[in-house]
Amino acid sequence: MWELIRANKQHSILLMALMAFVLLLVGGVIGLAVFGPDGGFIGLGAATVVWLVLALVSFSSGDQILLAASRAQRVTHDVHPQLFNIVEEMKIAAGLPAMPKVYIINDPAPNAFATGRSPETASVAVTAGLLARLNRDELQGVIAHEISHILHRDILYVTLAGIMLGGIVLLSQVFLRGMFYSSMGSRRRYSSGNQGGGQAQIVMVLLAIVVAVLAPIMAQLLYFALSRRREYLADAGAARLTRYPEGLASALEKIAGDPAPQLGPANQATAPMYIVNPFKKKGQRKLSDLTSTHPPISERVRILRSMSGGASYKDYAEAFTEVTHSKNIVPAAALKGEEVGLRSSGSQQTQEERTHKQLHQIGDIMRKVNGFAFLACSCGLHFKIPPNFKGDSVQCPRCNKRLDLAAPQAATTR
Amino acid sequence: MAGALIALLVFAGLIVVLALFVIGIYNALVRLRNQVDNAWAQIDVQLKRRHDLIPNLVETAKGYMKHERETFEAITQARSQAMGAKSVAETAKAEGHLADALSKFMLVVENYPELKANQNFLSLQEELTSTENKIAFSRQNYNDQVLFYNNKIQMFPSNIIAGMCSFTKRDFFEVESAAERQVPKVSFS
């Protein structure tokens, strides 16, 4: 346990150092390209400042930025008692020092993530789509996975690395766009200097373009490589916390087979935070393992399901070698066959019916988050009253009965 | 002269390193022991929460379940016994009875569809499910912490320091009744 956490911390430091190096490299080369041979230091200085600012900002309020970027809303126990209770259950099972803040994201795609600086200041966010689809045991599995990220100190790393990666991408993009738009007008500027200097400058510019294109990709590969390993470890942690790997396995299966469109507010930098890759898996297996942020879901499910002996990290490791070992012997083809089998489960019609009901539920969950009141008339009609509704009674359009707003509201807000 | 000085310095350095090492182990032991104590306190918190929940649950259900006086009495009695229990063994036994009474009650509820449709009752049911889970998970966490702690005080080299500073082995939380063993996975869905 503690060895795992220590190793994770060391990896985080290593990754931050490498990211900083890439950022400085980008800064230096761009400086050389823009300001001439002496500009390298200007670029390095600028990159250092950018790095410091980013590190400070992401350390002090990175979680808030990420939560705001994914349009997550903080909720209390009253809004979704079950979610809140499950988070508290897992907090107890993990022995976390404080209750994580709970957020709901208004999105039909099922997904979840955790963020924060330390176990004391952590946050857990789930989408409304996830809440509508999973049963209690499955939701518990997902939350246990997120709490494991908190316990393993993955959250600080992912927050820092995500924002750092954002910085590198930003710097490169600004430079590349600047080059693109100024390339027509400013060509004459270089020819006005002496001949040799101009040529060196052009070489530098070309080099800078290459670096600006490659750096974000490099940083991303680095980031992804580490995040895949952490996903497995968080699965192992979830199995240990719940002692019930099947909960997470069946949740992952449901999420994978879900027809909802991809998560709206996710982007490349925030993708590794989520429990499953928020980008839709059009030909996911065809992509090389290098560029995917998450291990294939089918593999994660199989590992969880082949944990027969117990629920410790060791049992997970044994199941992991068992499953990935077989992958080495029978490459890709066997996995592909199995994935088809998983997706085709459940007939099409029930799927559609379920989707309709779930969309309804998602709407209700979000109304609740936004402070709507729920009211049921004796004729069976259900009202959803917006928080800015002024009057103190409504008339039922079906049976014309007047309903008092104040009294039943207290009964229905659980 | 210089050789003796170097030898002395090396010796002093070794002592300092050893002292830091011992302090580190001692602090780790204290931290683990505190975690065990804290985990134990957590179990009590959750048991108390269950006690607080029961009057509400019984009040809500009474209106619908006119013919189940015995079930309610069993619960109320088990609750007051559990709250009045003094020793650890007594508490464990009384809480076991309470858990049995509650699971019987939940079985009886199945016969009352009107009650199962009541919003208030549903939310109380969720709270009860969650509290049962929290009790189970706090016990699980306690046992995990005890395992870390016991491992640490039995393994070399921390066992030497544990022996000198009288860190004693802790017992695992064992659930006695067979019915209680089944409780950790309560699901009403």
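Quick one: what pairs do we get from segment B:115-135, first residue closer than 18 Å to A:Leu139 by Cα and more than 8 Å from chain A (Cβ to nearest Cβ), second of a type in the set (S, T, N, Q) and in a helix (DSSP H, G or I), C-beta under 7 Å, 6+ apart or different chains? Filtered contacts from segment B:115-135: B:Thr131/B:Gln46.
Annotation note: Cβ proximity below 7 Å between a residue of segment B:87-112 that is acidic (Asp, Glu) and a residue that is crowded, with 17+ Cβ neighbours inside 10 Å (sequence gap 6+ or interchain) occurs for B:Glu95/B:Leu47; B:Glu95/B:Ala82. Flag not set for A:Pro245, criterion: crowded, with 24+ Cβ neighbours inside 10 Å, at pLDDT below 75 and within 15 Å of A:Arg300 (Cβ to Cβ).
Among the conditions (1) at pLDDT 85 or above; (2) not in a helix (DSSP H, G or I), the only one that A:Pro37 does not satisfy is (1). Quick one: would you say B:Val146 is under 23 Å from B:Val36 (Cβ atoms) and either at pLDDT 85 or above or not acidic (Asp, Glu) (or both)? Answer is yes for this residue. Selection over segment A:383-412 of residues that are at pLDDT below 70 and touching a strand residue (DSSP E or B) at 6+ places or on another chain (Cβ under 7 Å) gives a count of 4. Residue count for segment A:102-148 satisfying the condition of being surrounded by fewer than 24 Cβ atoms within 10 Å (Cβ to Cβ), among the β-branched types (Val, Ile, Thr) and farther than 16 Å from A:Asn85 by Cα: 1. Annotation note: of B:Val45, B:Val36, the sole residue that is modelled with pLDDT of 85 or more, surrounded by fewer than 14 Cβ atoms within 10 Å (Cβ to Cβ) and either at negative phi or of a type in the set (Ser, Thr, Tyr) (or both) is B:Val45. Within segment A:141-160, the only residue that satisfies the criterion of being of a type in the set (S, T, N, Q) and either within 14 Å of chain B (Cβ to nearest Cβ) or not in a helix (DSSP H, G or I) (or both) is A:Ser148.
Got a sec? Which of A:Gly40, A:Gly27 is free of Cβ contacts under 8 Å to residues at least 40 places away in the same chain, surrounded by 14 or more Cβ atoms within 10 Å (Cβ to Cβ), of a type outside the set (Ser, Thr, Tyr) and over 16 Å from A:Val124 (Cα atoms)?
Working: A:Gly27 fails: free of Cβ contacts under 8 Å to residues at least 40 places away in the same chain.
It is A:Gly40.
Within segment A:240-257, the set of residues being under 15 Å from A:His149 (Cβ atoms) and at the interface with another protein chain (Cβ under 9 Å from one of its Cβ atoms) comprises A:Arg240, A:Leu241, A:Thr242.
The values are calculated or read from the model by the stated rules, or taken from the named source; none is laboratory data. Because the structure is predicted, anything quoted here is derived from the model rather than measured. Every residue, glycine as well, gets a Cβ built from its backbone with ideal geometry; the counts of neighbours run over all protein chains shown.
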